[in-house]
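The values are calculated or read from the model by the stated rules, or taken from the named source; none is laboratory data. Keep in mind that what you see is a predicted model, and the values were worked out from it rather than measured. When we count neighbours, we look across all protein chains shown, and the Cβ atoms used for this are built from the backbone with ideal geometry, even at glycine. When the accessible area is computed, the model is the full protein with side chains, heavy atoms only, and any ligands, DNA or RNA have been set aside. Shrake-Rupley method; radii C 1.70, N 1.55, O 1.52, S 1.80 Å.
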Amino acid sequence: MILNDAHCHFFSTELFAALARQRLDRTPPPPPRGSLQEAMEEDVNRQLSVSICDELGWETPGSAYTLADRWVRELDTHNVARAALIASVPSDETSVAAAVAKHPGRFVGLFMLDPAVGDPVARARRALGELGLRGICLFPAMHHVPLHHDRIEQIVAVAAAHPGTAVFVHCGVLSVGVRKKLGLPSRFDLRLGDPLGVARLALAFPHVPFIIPHFGAGLFRETLMAADTCSNLYLDTSSSNGWIRYHPGLTLQSVFQQALAVVGPSRLLFGTDSSFFPRGWQQGVHEEQSRILRSLVSEADFEAIFSDNFQRLFPE
Ligand SMILES: [Zn+2]
């Protein structure tokens with residue numbers, strides 16, 4: 001069976017440099033105006049990334065191409081055919097685009113977009129057009145832009161104009177491990193990550209697939225309500241799903257049972273939420289979820305969740 005992972009983060013040099021700048025409370029540098037500034041900028045990013053990775057005890061990613069190769073070796077080790085890679089700071093589309101360009105058969109590129117900054121519509125157009133990315137990731141709790149804001153509809157309209165693009169919306173509890181480790185403040189407004197707000201958008205754009213990760217990360221009931229209402233809404237199963245401790249007595253097995261009963265196997269996407277090296281691909285998440293699903297679904301449905309649904313959303 002082919003295994004596909006719908007949720008991995010591409011922790012590039014630019015990501016670590018952006019986090020380092022946030023900690024220094026420095027605003028990002030202005031866009032480079034020439035090749036000299038660009039070279040200097042790359043050099044500063046590399047230095048910032050090395051110092052942050054040293055501090056974390058993580059591997060330095062090097063260039064986007066180097067990191068892309070590292071990912072391919074890791075996926076090969078675990079027999080993973082394809083992975084969705086998320087650019088995880090809202091300025092890092094080009095890193096993931098470079099990875100996809102180098103290994104188009106292995107990666108699908110998604111990018112985090114901050115709707116409050118600059119011209120997000122132009123940014124989305126460039127990412128989905130010129131850069132060849134295939135998913136927009138919204139984090140309303142992080143960026144403090146509610147899902148009913150006009151800007152969000154304008155952004156989703158760009159996705160609608162590029163068939164084959166998914167819109168990923170993080171809902172529920174949000175905690176970003178690397179920010180915590182670096183002592184960066186995370187002033188998230190958890191009220192804004194609302195699955196019912198995603199349902200409203202999914203109804204307005206019925207041809208755009210929407211993905212809510214981690215079964216709604218604590219808003220499981222609302223996520224099921226949203227997915228039950230919208231046939232274009234998918235759930236990803238990624239991470240250790242630690243949110244289940246908010247629900248008395250809930251287990252991951254019962255989460256899968258309930259999701260299968262309401263949403264069915266054709267709209268569940270297996271994912272791990274893997275991100276940094278040397279930890280690498282999260283084999284433990286795969287082992288646990290495949291063990292649970294073996295006991296719950298047929299072989300065909302198992303393949304749908306671990307492979308075919310991803311393939312259908314993001315055909316090669
Ligand atoms: Zn994630």
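Just a few scattered comments:
- The set of residues in the range 135-150 being open to solvent by 20 Å² or more (accessible area, probe 1.4 Å) and touching a Phe, Trp or Tyr at 6+ places or on another chain (Cβ under 7 Å) consists of MET142 alone.
- Checked against the criterion of being of a type outside the set (S, T, N, Q) and under 19 Å from ARG245 (Cβ atoms), the candidates HIS207, HIS149, HIS162, HIS214 yield just one match: HIS214.
- Selection within the range 73-113 - within 16 Å of the ligand (Cβ to nearest atom) and open to solvent by 30 Å² or more (accessible area, probe 1.4 Å): PRO90
- Condition check for GLY132: open to solvent by 30 Å² or more (accessible area, probe 1.4 Å) and free of Cβ contacts under 8 Å to residues at least 12 places away in the same chain: no
- Verdict on ALA226 being in a helix (DSSP H, G or I), under 21 Å from LEU110 (Cβ atoms) and open to solvent by 40 Å² or more (accessible area, probe 1.4 Å): no
- Of all residues in the range 230-251, exactly one satisfies the criterion of being within 16 Å of the ligand (Cβ to nearest atom) and among the aliphatic types (A, V, I, L, M), namely LEU235.
- Residues being away from the ligand (no atom under 14 Å from the Cβ) and in a loop (DSSP other than H, G, I, E, B) - total across the range 259-288: 5
- Boolean, LEU203 is closer than 26 Å to VAL156 by Cβ and open to solvent by less than 40 Å² (accessible area, probe 1.4 Å): no
- Screening GLY249 with (1) in a loop (DSSP other than H, G, I, E, B); (2) open to solvent by 60 Å² or more (accessible area, probe 1.4 Å); (3) under 26 Å from PHE111 (Cβ atoms); (4) not basic (Lys, Arg) gives one miss only, at (3).
- Any chance ARG191 is closer than 24 Å to LEU15 by Cα and more than 16 Å from the ligand (Cβ to nearest atom): no
- Residues being in contact with a Gly (Cβ under 8 Å, 6 or more places away or on another chain) and farther than 18 Å from PHE111 by Cβ - total across the range 166-192: 4
- Within the range 146-171, the set of residues being out of contact with any Ser or Thr (no Cβ under 8 Å at 6 or more places or on another chain) and among the small types (Gly, Ala, Ser) comprises ALA157, ALA160, ALA161, GLY164, ALA166.
- Figure legend. Inter-residue proximity from the range 196-215: first residues in contact (Cβ under 8 Å) with a residue 60 or more places away in the chain and within 16 Å of the ligand (Cβ to nearest atom), second residues open to solvent by less than 20 Å² (accessible area, probe 1.4 Å) and of a type outside the set (A, V, I, L, M, F, W, C), beta-carbon distance below 8 Å, spacing 6+ or different chains. Indicated pairs: ILE211/GLY135; ILE211/ASP236; PRO213/HIS7; PRO213/HIS170; PRO213/ASP236; PRO213/SER238; PRO213/GLY271.
- Subset tally (residues that are of a type outside the set (A, V, I, L, M, F, W, C) and surrounded by 17 or more Cβ atoms within 10 Å (Cβ to Cβ)) for the range 261-313: 16
- Being over 23 Å from ALA127 (Cβ atoms), of a type outside the set (Lys, Arg) and touching a residue at least 24 places away in the same chain (Cβ under 8 Å) holds for only one residue in GLU55, GLU93, and it is GLU55.
- Across the range 151-170, the qualifying residues are those that are away from the ligand (no atom under 12 Å from the Cβ) and assigned to a loop (DSSP other than H, G, I, E, B), and the one among them that is least open to solvent (accessible area, probe 1.4 Å) is THR165.
- When every residue of the range 32-47 is checked against the conditions, at least one turns out to be at pLDDT below 90 and polar (S, T, N, Q).
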